[in-house]
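Worksheet: one structure, shown below.
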Amino acid sequence: MKKIWSKVTASLVITSIVFSLAACGNGGSDSTTTTSDSTTATTTISNSTTSSVTDSGFDKFKGTKLTYWYPFNSTYIKSISDNVVIQEMEKVSGIKIDFVTPTAGQESESFNLMIASGEYPDIISEGGYKGGGLAAVQDGVYLKLNDELAKYAPNYSNLMKLNPDIAKQAKEDDGTIWSFRCIQAAEEPAWAGPMIRKDYLDELGLQIPQTIDDWHTVLTAFKEK
């Protein structure tokens, strides 16, 4: 299976970062780029770099279409394409993403069938390649991104240079980089938890509970009143 760097472009590298961050609710899966001859990205590699979604460097990618294999299951929206963040990023970047979503519960089977077919999307939310990502690079399925990061993902590349721990987690033992990792420099703040009816609290003259004893008091009052 031959490499096709004449077709796999900077837009793949940039889009892997941008859209993996927007869709990171999948448990921090890695995003990889593939070497499939069926890639839809046809813009040639240039020497310019792009550092943010508002950079005018995105102009060269207007009209680019890429495919992204991404497991997704939600009770709130029907498709990852309905995510307003994804929609805004497509609007800003001019890059259209065609998400390939396997049936919930059949992700592993779908991934294995896709790999066996030899017909790969441009980007994959890593689904468990047999032997790991390094084996996928050696088999000619995933792209080795080392040489492209400095040119097309300078912020990501510089972060690894500044933080050896992050670099170690992003690379294989031989130094190969085959994916974009979800990097979090600080502890993630709480973004989910129990909710409480403030109107009930106000009616009973109670404050928002902070401790276990507070919760016991509040819930007892709710029950009795």
ask   = Based on what the data block shows, is ALA136 buried (at least 20 other Cβ atoms within 10 Å of the Cβ) and either assigned by TED's automatic domain parsing to the domain that holds GLY57 or not polar (S, T, N, Q) (or both)?
value = yes
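Based on what the data block shows, is SER179 outside the structural domain of PRO71 (by TED's automatic domain parsing), surrounded by 12 or more Cβ atoms within 10 Å (Cβ to Cβ) and of a type in the set (Gly, Ala, Ser)?
Considered against the rule, which asks whether it is outside the structural domain of PRO71 (by TED's automatic domain parsing), surrounded by 12 or more Cβ atoms within 10 Å (Cβ to Cβ) and of a type in the set (Gly, Ala, Ser), SER179 comes out as yes.
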key: Filter pass, PHE72 being assigned to a loop (DSSP other than H, G, I, E, B) and among the aromatic types (Phe, Trp, Tyr)   = yes
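Yes/no matrix, rows are residues, columns are (1) within 30 Å of GLN106 (Cβ to Cβ); (2) touching a residue at least 24 places away in the same chain (Cβ under 8 Å); (3) touching a Ser or Thr at 6+ places or on another chain (Cβ under 6 Å); (4) assigned by TED's automatic domain parsing to the domain that holds THR67:
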residue: TYR120; (1), (2), (3), (4): yes, yes, yes, yes
residue: GLU126; (1), (2), (3), (4): yes, yes, yes, yes
residue: TYR142; (1), (2), (3), (4): yes, yes, yes, yes
residue: LEU159; (1), (2), (3), (4): no, yes, no, yes
residue: ASP165; (1), (2), (3), (4): no, no, no, yes
residue: ILE183; (1), (2), (3), (4): yes, yes, no, no
residue: ASP199; (1), (2), (3), (4): no, no, no, no
residue: PRO209; (1), (2), (3), (4): no, no, no, no
residue: GLU224; (1), (2), (3), (4): no, no, no, no
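For (1) charged (D, E, K, R); (2) closer than 22 Å to THR67 by Cα, each residue gets a yes or a no:
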residue: LEU113; (1), (2): no, yes
residue: GLY118; (1), (2): no, yes
residue: GLY140; (1), (2): no, yes
residue: ASP147; (1), (2): yes, no
residue: PRO164; (1), (2): no, no
residue: TRP178; (1), (2): no, yes
residue: GLU188; (1), (2): yes, no
remark   = Within the stretch 184-225, the residues that are under 30 Å from ASN155 (Cα atoms) and either surrounded by fewer than 10 Cβ atoms within 10 Å (Cβ to Cβ) or in contact with a helix residue (DSSP H, G or I) (Cβ under 6 Å, 6 or more places away or on another chain) (or both) are ALA185, ALA186, GLU187, GLU188, PRO189, ALA190, TRP191, ALA192
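Every residue, every condition in (1) touching an Asp or Glu at 6+ places or on another chain (Cβ under 6 Å); (2) at pLDDT 90 or above; (3) small (Gly, Ala, Ser); (4) over 30 Å from PHE58 (Cα atoms), yes or no:
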site: ILE166; (1), (2), (3), (4): no, no, no, no
site: TRP178; (1), (2), (3), (4): no, yes, no, no
site: ASP199; (1), (2), (3), (4): no, yes, no, yes
site: ILE208; (1), (2), (3), (4): no, yes, no, yes
site: LYS223; (1), (2), (3), (4): no, yes, no, yes
ask   = Does ILE86 satisfy being touching a helix residue (DSSP H, G or I) at 6+ places or on another chain (Cβ under 8 Å), surrounded by 15 or more Cβ atoms within 10 Å (Cβ to Cβ), part of a loop (DSSP other than H, G, I, E, B) and among the β-branched types (Val, Ile, Thr)?
value = no
key: Residue tally, condition more than 16 Å from PRO194 (Cα to Cα) and not hydroxyl-bearing (Ser, Thr, Tyr), over the stretch 214-225   = 4
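The values are calculated or read from the model by the stated rules, or taken from the named source; none is laboratory data. Nothing here was measured: the structure is a model prediction, and the numbers come from that model. When we count neighbours, we look across all protein chains shown, and the Cβ atoms used for this are built from the backbone with ideal geometry, even at glycine.
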